[in-house]
Amino acid sequence: MSVAPIRVAQALAGRRRADRSSLPQMSPLSQAMAGVLGLALFAAAAQAEEAPAPPKQDAAQTLQTVQVTANQLGTVTEGSDSYTPGTIATATRLVLSPRQTPQSISVITRQEMNDFGLNGIDDVMKVTPGISIVTYDSERTEYYARGFAVQNFQYDGIPMARDSAYSAGNTLSDMAIYDRVEVLKGATGLLTGMGDPGATINLVRKKPTRELAGSATLGAGAWDSYRAEIDVGGPLTESGRVRGRAVAAYQDKHSNVDHYQRTNQVFYGILEADLTDNTLLTVGADYQDSDPQGSSWGGIPLLDSRGNFNSMPRSFNNGARWSSWAQYSRTAFATLEHTFGNDWVAKLQLNHQVNGYDAPLGAAAGGNPDPVTGAGVSMWVGKYVGETTSNAADLYVSGKFEWFGREHELVVGGSVSRKHWINNGYSPQPGYATGVADYYAWTGDVPEPNWQWGYGDDQITRESGAYVVGRFDLADPLKLIVGSRIANYKSPDTDESGVIVPYAGLVYDLNRNFSVFASYSTIFKPQGNQDEQGRVLDPLEGRSYEAGLKAEFFDGRFNASAAVFQLDQDNFAEPTGGLTPSGGIAYRGLMGVRTKGYELEMSGQVAPGWQVQGGYAHKIARQQSTKVSTLEPEDQFSLHTSYRLTGPMQGWSVGGGARWQGTTFGTITNPANGQSQVHRTEPYWLLDAMARYQFNDQLSATLNVNNLLDKHYYTIFSWYSTYTWGEPRNVRLTVTYKF
């Protein structure tokens, strides 16, 4: 087997481009979903003027004495009992509330993760409004937003781009060490520099607590899956000027899929030290390992050799028993933050991260099986071992200043990063048999080959940039945010310097609860393709236009937004039919993908004890009138909610979730006639349920049921002409003790 399946995944990220269709009208289903969100918004608005702030309840499954605090990353959500954030800083480094931020942003808080057992980043993305997931195989998923794959990750606001083809732990991140996950929609080049314009995911780590607090959690679930967590934090000196926190988690997750299981190990430690009353030093490290057995590679062929749907059991695993795609990450980080006498802040952030993989892979994945004999399928076989070492630094100052009698805010900063990727590919030694006699009798019980080295990659990528952004108080209700980044990028085949990445946003407060906003943001992505003269094409340029309405109630405990957007990506590389001077394929840059759509979202407290988080998203992406990014649904809805009972039922919390997505489709080849055809999935609903009982201040138990109605559904990956079944109904019981 060649490296084609890996290379296909690499190419996939470059094929999401679009056109300029008009924004479609809302369908009846869209209107119904909007009505659900509108009713909740109306309920919040009706109470906003008269309902006093409820007393703070004890948070189940979080550190008991955690105080709600804010820092330069925004408001800590742990201990808030809330499904909405207080403040965020992902968009501009300015610490703003969601209503003050002129872009759509979704935040999954610590409380929602605890309530619904969102232990992995895939779990979090499944409930995030406007995000969809495409499954390649058992170890690789890719997230989509607004027509583009999400390749931009941040950790405490420090950008770390993901390698989607080989994967290296980003989409297997364990949530035990994180306070919240922020998803900023649209182009985010002001702070990230390079990437695609769909969205950026920022994972914000837990912080030390000022009082001793901790928790221990044990969980057991379907298919003999087990998990344990320990989390302890507090002062390390009598004065409390040095504080620490340590988190460890271990998960042994078996599966409904034959001969597959995965163990995860997570360790995290962080120290904070008040060097002076105005200077804070933070150092920390985390360690995450994912060790699977029986990894699949690709999915199930969509069609059999006669061109019919190849229906296989949900338990079918195309991977060999020895197949494994182990991934790991090691991170060390430090920040130094100083507050000056005039309330200006200077902050230096350093991040060192190593992401690696060791993947001897074998799977019955090539071809289409004969429905009678099971013949016609061969194995994909290959081994990939690699590691990416990333170093990043970011330094900025921020503060307020007076100008023309009004107070404004300013951030000035710069960043540098270096990424070194090493990869080695291996193939079986001659003579290894890759044929599969009967696909329908496949059990994965085949020998592992003796490997021989085939090729190697060794690449260094450097980025640097300087940015400035200001928030100007133009009038009491009107705020203007404007800024820019000067970005530089250098890789083995690309050298771009002095790229201007502008940003602008406007927020107008209609009254104490509602604001309208508009924003323009950009991003760029270098490419190594050349034209017929040997000139490297200009970078892909992403632009995001967005406008909408935002609402805030109960002093920020409930937030809602409605937005329309348009995303463009230009300089798409199209083959010219000619050659470059060196004999390679020549390309020209074309206008690319255009995505148009709208999103509705709400999160937070609708009434005392009642938390909600949900949204509806619609988008259509086209390139020269042809729909693209069709593996992402054009319409999707999610709603998760929990309610803390009172009176005779005090101690109980109940909740549920509903997720719906429309059809997805992709073009595949029919093996019966060799012609292309479109394969479509059916829309589907998934329902979840949760119940918790708080025995006392320390002890609680939570029951989660996912896919409550045991819906049969699958996702497709048309580049492989494969599909992957979704998980059947499964139950998990978690017991938490706080101390």
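The values are calculated or read from the model by the stated rules, or taken from the named source; none is laboratory data. Quick caveat: nothing in here was measured; it's all calculated off a predicted structure. Neighbour counts run over all protein chains shown; Cβ positions are idealised from the backbone, glycine included. Side chains are part of the model used for accessible areas, which takes the heavy atoms of the whole protein and leaves out ligands, DNA and RNA. Shrake-Rupley method; radii C 1.70, N 1.55, O 1.52, S 1.80 Å.
Under 8 Å between Cβ atoms, at least 6 apart or on separate chains: pull out the pairs that start in region 265-281 with a residue that is closer than 14 Å to Phe340 by Cα and touching a residue at least 24 places away in the same chain (Cβ under 8 Å) and end on any residue that is part of a strand (DSSP E or B) and open to solvent by 70 Å² or more (accessible area, probe 1.4 Å).
As it stands, the answer is Thr279/Leu336; Leu280/Leu336, since those pairs meet every condition given.
Hey, could you check region 691-736 for residues that are outside any strand (DSSP E or B) and over 26 Å from the mean Cα position of the chain (by Cα) and say which is surrounded by the most Cβ atoms within 10 Å (Cβ to Cβ)? Before the answer, list the steps.
Within region 691-736, the first condition is being outside any strand (DSSP E or B), and the residues that meet it are 695-698, 707-713, 718-721, 726-729.
Filter once more, so that each one left must be over 26 Å from the mean Cα position of the chain (by Cα): 695-698, 709.
Working: Phe695: 11, Asn696: 9, Asp697: 9, Gln698: 13, Leu709: 10.
This residue is Gln698.
Anything in region 184-237 that is open to solvent by less than 20 Å² (accessible area, probe 1.4 Å), among the β-branched types (Val, Ile, Thr) and touching a Gly at 6+ places or on another chain (Cβ under 8 Å)? List them, or say none.
Thr188, Val204, Thr209
Would you be able to tell me the number of residues in region 90-110 that are surrounded by fewer than 24 Cβ atoms within 10 Å (Cβ to Cβ) and of a type in the set (Gly, Ala, Ser)?
So the count comes out to 1.
Which one of the conditions (1) in a strand (DSSP E or B); (2) touching a residue at least 60 places away in the same chain (Cβ under 8 Å); (3) within 30 Å of Val134 (Cβ to Cβ) does Val678 fail to meet, given that it meets all the rest?
Val678 satisfies every listed condition except (2).
Can you spot a residue in region 62-72 that is modelled with pLDDT of 50 or more, in contact with a strand residue (DSSP E or B) (Cβ under 6 Å, 6 or more places away or on another chain) and either of a type in the set (Lys, Arg) or open to solvent by 10 Å² or more (accessible area, probe 1.4 Å) (or both)? First the steps, then the outcome.
Residues of region 62-72 that are modelled with pLDDT of 50 or more, as a first pass: 69-72.
Now drop any that are not in contact with a strand residue (DSSP E or B) (Cβ under 6 Å, 6 or more places away or on another chain), which leaves 72.
Narrowing the set further to residues that are either of a type in the set (Lys, Arg) or open to solvent by 10 Å² or more (accessible area, probe 1.4 Å) (or both) leaves 72.
The answer is yes; a qualifying residue exists.
Looking at region 493-512, which of the residues that are free of Cβ contacts under 8 Å to residues at least 12 places away in the same chain and farther than 30 Å from Gly534 by Cβ is surrounded by the fewest Cβ atoms within 10 Å (Cβ to Cβ)?
This residue is Asn511.
Of all residues in region 574-618, which are open to solvent by 10 Å² or more (accessible area, probe 1.4 Å), more than 30 Å from Glu112 (Cα to Cα), small (Gly, Ala, Ser) and touching a residue at least 40 places away in the same chain (Cβ under 8 Å)?
Gly578, Ser582, Gly584, Gly589
Show the residue pairs meeting these rules: Cβ distance below 6 Å; 6+ apart or different chains; first residue within region 548-559 and of a type outside the set (S, T, N, Q); second residue part of a helix (DSSP H, G or I).
Lys550/Arg99; Glu552/Arg99; Phe553/Ala44; Phe553/Ala48; Phe558/Ala44
Give the residue that is farthest from the chain's Cα centre (by Cα), with candidates limited to residues of region 390-427 that are under 23 Å from Gly454 (Cβ atoms) and open to solvent by less than 60 Å² (accessible area, probe 1.4 Å). Working first, answer last.
Keep residues of region 390-427 that are under 23 Å from Gly454 (Cβ atoms), which gives 420-427.
When the remaining residues are screened for being open to solvent by less than 60 Å² (accessible area, probe 1.4 Å), the result is 420-421, 423-425, 427.
Values: His420: 23, Trp421: 22, Asn423: 24, Asn424: 27, Gly425: 28, Ser427: 32 Å.
By that ranking, first place goes to Ser427.
Name every residue in region 271-320 that is touching a helix residue (DSSP H, G or I) at 6+ places or on another chain (Cβ under 9 Å) and assigned to a strand (DSSP E or B), in order of residue number.
Asp286, Gln288, Ser290, Pro301
Applying the selection to region 662-688, what residues are open to solvent by less than 30 Å² (accessible area, probe 1.4 Å) and closer than 30 Å to Gly604 by Cβ?
Applying the first criterion (open to solvent by less than 30 Å² (accessible area, probe 1.4 Å)) to region 662-688 yields 662, 664, 666, 668, 670, 679, 681, 684, 686, 688.
Answer for region 662-688, where residues must be open to solvent by less than 30 Å² (accessible area, probe 1.4 Å) and closer than 30 Å to Gly604 by Cβ: Gly662, Tyr684, Leu686, Asp688.
Any idea which residue in region 115-162 is farthest from Tyr643 (Cα to Cα), counting only those that are open to solvent by 20 Å² or more (accessible area, probe 1.4 Å) and modelled with pLDDT of 90 or more?
Result: Ser138.
Every residue, every condition in (1) of a type outside the set (Val, Ile, Thr); (2) within 30 Å of Gly362 (Cβ to Cβ); (3) in contact with a Gly (Cβ under 8 Å, 6 or more places away or on another chain), yes or no:
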| position | (1), (2), (3) |
| --- | --- |
| Val412 | no, no, no |
| Ser427 | yes, yes, yes |
| Gly435 | yes, yes, no |
| Ala441 | yes, yes, yes |
| Tyr455 | yes, yes, yes |
| Asp476 | yes, no, no |
| Tyr489 | yes, no, yes |
